[in-house]
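Undergrad: Before I ask anything, here is the structure I am working with.
The values are calculated or read from the model by the stated rules, or taken from the named source; none is laboratory data. Keep in mind it's a predicted model, so treat the numbers as computed, not measured. Ideal geometry is used to build each Cβ from the backbone, glycine not excepted, and the neighbour counts take in all protein chains shown. These area figures cover heavy atoms from the full protein model, side chains too; ligands, DNA and RNA do not enter into them. Shrake-Rupley method; radii C 1.70, N 1.55, O 1.52, S 1.80 Å.
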Amino acid sequence: MKNYQILLCAAVAALSSCSMNSHNSAAGSIDTANTGTMPDTTAKELIAEMSMPANVKAGDSVLLKFTVKNNTDSVQRFCKWHTPFEPLLSKYLDVKNDKGEDVAYQGAMAKRIMPPPESSYLSLNPKDSISANVDLLKAYAIKTPGNYTITYVGENMSGLKVKKSVSFIYR
């Protein structure tokens, strides 16, 4: 009977240690079991911003400029997935019309391996910045004149946080 108790305790301990899905980093232990996303071990000191023209003529390109700035004294890096630093391969922007309705995303949806390979990261030197432009018409069904608001939602993958949304009028 004691052997069963010892085996039962050992099995419970083994199973409980297997169910803990955490990633240790210099910042401590980060639980990734419920989020399904990459732990935020990069881009802690990077600032990301979006900008675009206030007015866009119907039929013209709807160019969004995405800029990442490194204001630190050390090299920082971020994952380029779910950013304009790669082709539009996922829906990392929420585009809404003036009624608050989502504009349909019609672009590609790439499946990704996790964790991201080293080649998916970009490094940014101290006090440097990098920018990329994306034409929203290549992936979003912006067809009707009106006011539109764009919010960046790719933070969980890239590690970049954009604090402000941008808006434009499509005429």
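Undergrad: Please state which one of 102, 94, 98 is of a type in the set (D, E, K, R), open to solvent by less than 50 Å² (accessible area, probe 1.4 Å) and either within 29 Å of residue 171 (Cβ to Cβ) or more than 13 Å from the chain's Cα centre (by Cα) (or both).
TA: 94
Undergrad: Next question, about the same structure. Restricting attention to segment 75-87, report how many residues are more than 13 Å from the chain's Cα centre (by Cα) and modelled with pLDDT of 95 or more.
TA: Residues in segment 75-87 being more than 13 Å from the chain's Cα centre (by Cα) and modelled with pLDDT of 95 or more: 3 in total.
Undergrad: Filter segment 99-133 for residues that are at pLDDT below 95 and aliphatic (A, V, I, L, M) and give the result.
TA: 108, 109, 110, 113, 114 - these are the residues of segment 99-133 that are at pLDDT below 95 and aliphatic (A, V, I, L, M).
Undergrad: Still on this structure, I have one more. If residue 146 satisfies every condition in (1) under 17 Å from the mean Cα position of the chain (by Cα); (2) small (Gly, Ala, Ser); (3) open to solvent by less than 30 Å² (accessible area, probe 1.4 Å) but one, which is the exception?
TA: Result: residue 146 fails condition (1) only.
Undergrad: Restricting to segment 44-60, and then to whatever is of a type in the set (Gly, Ala, Ser), open to solvent by 50 Å² or more (accessible area, probe 1.4 Å) and modelled with pLDDT of 95 or more, can you tell me which residue is nearest to residue 138 (Cα to Cα)?
TA: 51
Undergrad: On to the next question. Which condition breaks for residue 77 when tested against (1) open to solvent by less than 70 Å² (accessible area, probe 1.4 Å); (2) of a type outside the set (A, V, I, L, M); (3) in contact with a Ser or Thr (Cβ under 6 Å, 6 or more places away or on another chain)?
TA: So the condition that residue 77 fails would be (1).
Undergrad: Moving to a separate point now. If we scan segment 57-73, do we find a residue that is more than 30 Å from residue 170 (Cβ to Cβ) and among the small types (Gly, Ala, Ser)?
TA: No; the residues of segment 57-73 include none that is more than 30 Å from residue 170 (Cβ to Cβ) and among the small types (Gly, Ala, Ser).
Per-residue answers, yes or no, for (1) of a type outside the set (S, T, N, Q); (2) free of Cβ contacts under 8 Å to residues at least 40 places away in the same chain; (3) closer than 24 Å to residue 68 by Cβ:
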| residue | (1), (2), (3) |
| --- | --- |
| 94 | yes, no, yes |
| 120 | no, no, yes |
| 139 | yes, no, yes |
| 146 | yes, no, no |
| 159 | yes, no, yes |
